[in-house]
Structure formats: structure tokens, C-alpha cells
Amino acid sequence: MPRLRLLPSVRPSLMLAGTLLASAALASTLGAQPPAARDTAPTTSPLPTGRVTYRTLVEVNLEMEQLAARHPDRVRRFALPHKTVLGQTVWALEVARNVAVPDGRPAFLMTGLHHSREWPTVDLTMEFVHDILMNDGKDARITALLDNVRFLVVPVVNPDGYELSRSLLNEQKRKSCRITAGAPATFAECANPRNRNAGVDLNRNYGAFWGGIGANLGVMEGSYRGPAPFSEPEIQNMRDLMNAHQVVVALSNHTPDAKVLRAPSSPDEPVPADAAAYDALGKAVGADLKWEAGPWTEIYYAASGTMEEYAYYSAGTFAYTFENTPGQRSFHPAYSFVVDQYFGTGAYPGSNARAGFLRLYEAAANAALHSVLEVRAPAGATLTLTKSFTLESAPVLQADSSRTPAIAIPITLTSSLTVPAGRDRVTWHVNPSLRPSQKSSEHLRESWTVTCARNGATQRAQVTVARGERAAVDLSACR
Ligand SMILES: [Zn+2]
């Protein structure tokens, strides 16, 4: 019998409103778990934290706060800018040596829990964060990653949905707590059985190719795309996070289908301009996990409005999906399968998620896979890298199968850093200025604008740089 728990992260006002929560609290008070199960359950695991149960949302959020407090030099916790449909804060971590100082290191982004019931994605992500912090200074490879890469982590993209599923109020929930387009909702409304199939599929709400084949149009359907590209605050968070950092490699964790996926995810996309290098990294990771690796459209199913599409077509980010903990007929099998998946042991011999995570993290440090700017500028100057362009949705599929014209989505990418004291140049690891075309297997010849500001003086330069290239930028007159 599954054990019901009261989630303390639910605000008291919402708890009072939810009779379902009250009965969950009662079951917990009465001790729903039989003593025999407690006697035989393992009390520790080989995971970095030794955990043996899935984290609750309140545990994840508390743990993130504690990690930042305990390791202020290496862990920064920050709130993403948009509150969820239920009004919750979505937290992110940044992990790097001297994390407080913005600098020119490339970023690797890892996410968990777009889909509410895919609990292993939270624990795999959190255990990996503990793992690298524990092995920094002991394992040379991990030490170098802390030195060379800024690691961005969003363990729970969809906290509303996680709470509903993890509390077992709606265990098989997939989507968000959006019930009415554009309107907030309460926990009680989201938990109401009448709304159990409502919500937006957050991995169909990203802007690039939104509205194409591989998403549903109805709010009660499993892969509902939402009313517009980036309509949902949870995905506005992901867009804004990616737009503000040089995320050169990204991983979106899901369960449970044993695949490493990359763009194209929908049939409206061309073969990506960077197909060879993008595919090769995916295949290498596929070997770490003993899973098939390739585009969604060839090895899985069609999906439009996915994280990979936005990451790749906005910035050229090499973005992937892992389909973790396969073969158990569950989106969140018994916790031992999370342990086995993390190490490639037991039920998953040689299918090592940790190795896959490390390979992608390390790929972020590989300058052959992104671009490098060597910028001359005076110490103390603020450097800003910007680029504005128009991204397109897919021609928008309508209920009668006709299509209306693609929606133009204005995008601005902006990242910045400060030239350190005593230095007159910085090395800035960035995404290529050339952007992959959404129409053909070519790059659009766009440029970055680099702006230097110091003591009221500014200087600007345009730089055009391809993947694997280095470019010099002289802003030394900004003083
Ligand atoms: Zn999923």
C-alpha cells in the first residue's frame, strides 16, 4: 500500500481548503505503512546522500537552500523570475568554483521534472549535484569541471505538478496545474478530481516549432501545447534562464523509455545545420547508457514545442533528453531502480546515467563544440553580449487539421560579466553567433553585439563567430 504523506510545503491556507489533503494527513497520522515493510526496507543506498526514498518537493527546496548555505563558494541558489500557476517559486542552482562572480566560463544546464510523475528525474539530478560537490578535489575530472564550467540546475521545473503526483493526490499527473488559460489556480482546484486531466504539457510549450505536429489542442489532452508559445510561467522561466546564460550543452531529464533524444523532435524541422557534431555527442552518451540515441522523429515520436527545439534553434545549444529508469512499467518505479540507473548497476547493467551526465558536462568545456571570444577591455568594465532575432513557431495546427501562419516570437539573448581587477582581457566561452536556420540545414549569418561599459564610457563591437572558432574583440578604448 503506498504511504500517503502530508507535504509541509503546501501553504496552510491551501491545506484548509483541501479536504483531500486533510485525509492524507489523517492517513499519515494513523501510520499507513505496516511495520513489516519498515523492517525489511533498506535504510541506506550507495547514492551520494544514501537516500532510499523519492524526495518530496519541500525536501528538494530545503536541500537546495542548505547546499548554497554550506558551500557559498561553489553553490549559488536563485529564484527563477516567474511564479508557477499555483504561485510557487521555482528554484535553481548554479555550481562552479567562485560561483558568485560572473565570468566567461561556458554553461551546462540540467533539468528535472517537466512531467509531474517522472520522479526519478528529481533524484538523479539532486544526487549528481551532491556527487560533484563531494568529489571536487578528490576526482581530477570532477575538479576540472568545477574549474571550467558553470553548471546550472533546475531539479523541479514543474513544482505544482510534482506536489500533486508525489503526494499521490494525482499520482499519474503529467502536466502543469493550469486549468483556465492565463488564469492562476489553487492547489484545491488542481487536486479536484474533475481537473485531474487538465494542464499544459510543459514540454510542448517552448516557442520554436510550437503548434506543429506532436502536441494536442485541448486542455484535457495528454500533450496539450497551451494557448500560445511560452504561455506558461514554468517555461518562461526556462526561456529566461537560457537567454541569460551561455548554455552550450543542455540536458532535460525524463522517464521511462531508454533513449537519448535530440532535435529534430517534430517533422516541421530541417536536418539541423550542426547535425554531425550534435549527433556524435548524443551517440557517445547513448553508449554510456546503452540506449538508442538520435532525433525524436527517427527513434521516438513527434513532439513540437520541446526544450531541445528552443535551446538549439535560439542559441545553437546542443540539447538532449534522457528517458531514464526504463522497463518497469512505471514513470517512477521502486527507488532501487533510481540507484541502479545512477550507477549502471543491478537492473541496468552498464546503463550509467552518472557517466552520461559527466560526458555532457565535460562537453560543455570543449571549445571545439562552441565559440570563444578573446575580449580586450579594462579591468572593472562590464561586458554585455546581446543578440536579438525573431524565432518562429510552426505553422499552427488547428482542430480541423488546417494550419495558420507561424507566429513570430521576438527573442533577445543577453549575458554579462565584469572584467576582473588587474586584468585587461577575458576569455568568453559563448554560443556561436551563427544561428541554425529553422528552414534549412544552414546557419544564419548573425552577429553578437559586445558592449563594454565603464565609468559612463561605452564601446561596442559586432562579432561573427562560428562553432569551433575563436574571435578577437578589442574594446580597450572603453575607459
Ligand atoms: Zn517526460
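The values are calculated or read from the model by the stated rules, or taken from the named source; none is laboratory data. As the structure is a computational prediction, the values presented were derived from the model and not from experiment. A quick note on method: Cβ atoms are made from the backbone with ideal geometry, for glycine too, and the neighbour counts reach across all protein chains shown.
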Does any residue of the range 89-107 turn out to be of a type in the set (Ser, Thr, Tyr), away from the ligand (no atom under 16 Å from the Cβ) and over 30 Å from Ala421 (Cα atoms)?
yes
Just name the residue that is farthest from the ligand (Cβ to nearest atom) out of those in the range 245-267 that are among the aliphatic types (A, V, I, L, M) and farther than 15 Å from Met110 by Cα.
Ala263
Okay, strands (runs of 3 or more DSSP E) sitting entirely in the range 413-479 with 3 or more residues that are closer than 23 Å to Ala319 by Cβ, I get 425-430
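When you check Asn61 against the structure, is it more than 15 Å from the chain's Cα centre (by Cα), surrounded by fewer than 21 Cβ atoms within 10 Å (Cβ to Cβ) and under 23 Å from Thr255 (Cβ atoms), yes or no?
So Asn61 passes the test.
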Could we say that Arg225 is more than 20 Å from Thr125 (Cα to Cα), at pLDDT 95 or above, touching a helix residue (DSSP H, G or I) at 6+ places or on another chain (Cβ under 9 Å) and within 16 Å of the ligand (Cβ to nearest atom) here?
yes
What residue, among those in the range 94-135 that are buried (at least 23 other Cβ atoms within 10 Å of the Cβ) and in a strand (DSSP E or B), is nearest to the chain's Cα centre (by Cα)?
Thr111
Options Ala347, Ala363, Ala355, Ala277: the member that is aliphatic (A, V, I, L, M), over 20 Å from the mean Cα position of the chain (by Cα), more than 16 Å from the ligand (Cβ to nearest atom) and in a helix (DSSP H, G or I):
Ala277
Can you tell me how many residues within the range 164-185 are away from the ligand (no atom under 16 Å from the Cβ) and within 12 Å of Val200 (Cα to Cα)?
6
Within the range 282-297, can one find any residue that is more than 16 Å from the ligand (Cβ to nearest atom) and either under 21 Å from Pro432 (Cα atoms) or aromatic (Phe, Trp, Tyr) (or both)?
yes
Go through Leu152, Leu169, Leu145 for me and flag whichever is among the aliphatic types (A, V, I, L, M), in the same structural domain as Met242 (by TED's automatic domain parsing) and part of a strand (DSSP E or B).
Leu152
I need the full set of residues from the range 142-176 which are within 19 Å of the chain's Cα centre (by Cα) and of a type in the set (Val, Ile, Thr), in order please.
Val149, Val153, Val154, Val156, Val157
Filtered residue count, the range 310-327, keeping only those that are more than 13 Å from the chain's Cα centre (by Cα) and within 15 Å of the ligand (Cβ to nearest atom)
4
Within the range 315-341, residues being out of contact with any strand residue (DSSP E or B) (no Cβ under 8 Å at 6 or more places or on another chain), of a type in the set (Val, Ile, Thr) and more than 16 Å from Ser351 (Cα to Cα) number 0
